[in-house]
Amino acid sequence: MRLVLHMGLHKTASTAFQTLCRDNADILAGAGVFWRVHPGYPAHHELAWALLRGETGAIADYLGEARGAGARTALLSSEELDYVLHVPQKAQAIEAAARDAGASEIVWVAALRRPSEVFRSLASELTKHGIHLDPLQGYLEIRRSGGLHFTGRHHGGTQFWNWFKTFDYARHFGRLRGAVSGRVVAYDYHAPDRLPGAPILRLATPEAERVMDAIAPPGRVNARLSEDEIAGNLRRILAGHGHGAAEIEALLAAAEASARAARETGADRIIDAALDARFGDYAAVIGDGRPAPVLEET
């Protein structure tokens, strides 16, 4: 049994890939790939949270479902698994449990995207979760640590989230590759594929091209928010902190003036260019970090 664990990364069309797999789980099953379908949301976040909490029996349950369905590959996907890039011990525990449960091959896989694009898309996305990211503060933290780290209660509920947003690909993928026995594969988000996550499907089944020919693209999924949507989210954040309507409008006007000044003075361009210069040359990370086999002449 092959186990493919898709780690995201964040803002690399992960939700589009998950939607594609959920909506076409029957087609995947016909190619020997098991995808657990959840009602309501396409990703396997609940499973990922259980694994990150140390409930490694959850991977045995997943592999058991896949085996019961007659699959050769169990495929799971959650951006929450980005955490293992920063805490490889979690990946080691997941691998050990998976091998005990009969996984003979384990593949970790993630997409890499131009850092400046990820940064701007994240700033938009985080407002949905009650987080405002100051661009300069975020930039300085990424330069210091190679990523962004957020903790809190998911939408104010009981689930505690612990998000790492990875930017220093070489550092974190190199560390994970040195810690686990499975393959750690990175692919380029910008590669020209018709479907999001096509390289993941190629890792999951030798029938990937046939499968992808039978699948329609999922369309725009979890696209970057509009300025009006971001402002609406910020209104809710500010209201949650006790601000009245007049105060909220004044603070939003100040935020917009600051953002406009950053665009007009070139501050945004400086941050984006600096992120890409420091972390954007990730060609050496693509692949699985293993040397290509040497073919002997005959």
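Give the separation of the Cα centroids, the stretch 235-291 to the stretch 166-195, in Å.
24 Å
Expressed as a whole percentage, what fraction of the accessible surface of the chain belongs to carbon and sulfur atoms when a 1.4 Å probe is rolled over the protein heavy atoms?
For the chain, the apolar C and S fraction of the accessible surface comes to 53 percent.
In whole Hz and in residue order, list the ³J(HN,Hα) couplings for the stretch 39-49 that follow from phi through the Karplus curve 6.51 cos²θ - 1.76 cosθ + 1.60, θ = phi - 60°; x for Gly and Pro.
Running phi through 6.51 cos²θ - 1.76 cosθ + 1.60 with θ = phi - 60° gives x, x, 9, x, 7, 9, 5, 4, 5, 4, 4 Hz.
Applying the Karplus parametrisation 6.51 cos²θ - 1.76 cosθ + 1.60 with θ = phi - 60° to the phi angles of the stretch 97-107, what ³J(HN,Hα) value in whole Hz is obtained for each residue in order, glycine and proline being reported as x?
So the Karplus estimates, Gly and Pro as x, are 5, 5, 5, 4, 8, x, 6, 8, 9, 10, 10 Hz.
Can you give me the Rg/Rh ratio for the stretch 1-160, using Cα atoms for both radii and the Kirkwood formula for Rh?
Ratio of gyration radius to Kirkwood radius: 0.99.
For the stretch 134-242, with equal point scatterers placed on the C-alpha atoms only and solvent neglected, what are the log10 I(q)/I(0) values from the Debye formula at q = 0.10 1/Å, to two decimals?
Log10 of I(q)/I(0), two decimals: -0.53.
Solvent-accessible area of residue 165, probe 1.4 Å, all protein chains present, reported in Å² to the nearest ten, please.
Residue 165 has an accessible surface of roughly 10 Å² with all protein chains in place.
Scale the Cα Rg of the stretch 195-260 by the rule-of-thumb value 2.2 N^0.38 Å and send over the ratio, two decimals.
This ratio for the stretch 195-260 stands at 1.95.
What is the distance in Å between the Cα centres of the stretch 105-124 and the stretch 78-103?
19 Å
Of the candidates 283, 246, 48, which one comes out as most mobile in a Gaussian network treatment of the chain with C-alpha springs shorter than 10 Å?
246
Report the rotationally averaged projected area of the stretch 88-180 based on its alpha-carbon convex hull, in square nanometres.
For the stretch 88-180, the mean projected area of the Cα convex hull comes to 7.5 nm².
Relative contact order of the stretch 26-128, please, whole-number percent, based on alpha carbon pairs below 8 angstrom and at least 6 residues apart.
29 percent
Using all alpha carbons of the stretch 76-133, what is the percent of pairwise distances in each 5 Å bin, ordered from the shortest bin to the longest?
It works out to 4, 13, 18, 21, 17, 10, 8, 7, 2, in whole percents.
Counting only helical runs of four or more DSSP H residues, what would the 222 nm mean residue ellipticity of the chain come to if each run contributes -39,500 (n - 2.57) and the total is spread over all its residues?
It comes out at -15000 deg cm²/dmol, rounded to the nearest 500.
What three numbers, in Å, describe the spread of the alpha carbons of the stretch 222-298 along their principal axes, ordered from the longest?
In descending order, the Cα extents are 79, 29, 19 Å.
Using only the alpha-carbon atoms, how far is helix 245-265 inclined from the longest principal axis of the chain? Give it as 0 to 90 degrees, nearest 10.
70 degrees
Counting heavy atoms of the protein chains only and a 1.4 Å probe, report the per residue accessible area for the stretch 227-298 as a whole number of Å².
Roughly 72 Å² per residue, with all protein chains present.
Taking amide H positions as placed 1.01 Å from N in the peptide plane, with prolines and chain starts having none, which residues 5 or more places from residue 8, or on another chain, fall under 5 Å of its amide H?
Answer set, sorted by chain and number: 78, 111.
Compute the normalised compactness of the stretch 2-87: alpha-carbon radius of gyration over 2.2 N^0.38 Å, N being the residue count.
Normalised by 2.2 N^0.38 Å, the Cα Rg of the stretch 2-87 equals 1.03.
Starting from the Kirkwood Rh over alpha-carbon pairs, what translational D in µm² s⁻¹ does the chain have by Stokes-Einstein at 25 °C and 0.890 mPa s?
Working: Rh = 20.6 Å.
Answer, rounded: 119 µm²/s.
Just to check I understand the Karplus step: with θ = phi - 60° and J = 6.51 cos²θ - 1.76 cosθ + 1.60, what whole-Hz values come out for the stretch 108-122, glycine and proline as x?
Result, ordered by residue: 9, 9, 8, 9, 10, 10, 3, x, 4, 5, 4, 4, 5, 5, 5 Hz.
The values are calculated or read from the model by the stated rules, or taken from the named source; none is laboratory data. Because the structure is predicted, anything quoted here is derived from the model rather than measured. Keep in mind that these areas ignore ligands, DNA and RNA; they rest on the heavy atoms of the full protein, side chains included. Shrake-Rupley method; radii C 1.70, N 1.55, O 1.52, S 1.80 Å.
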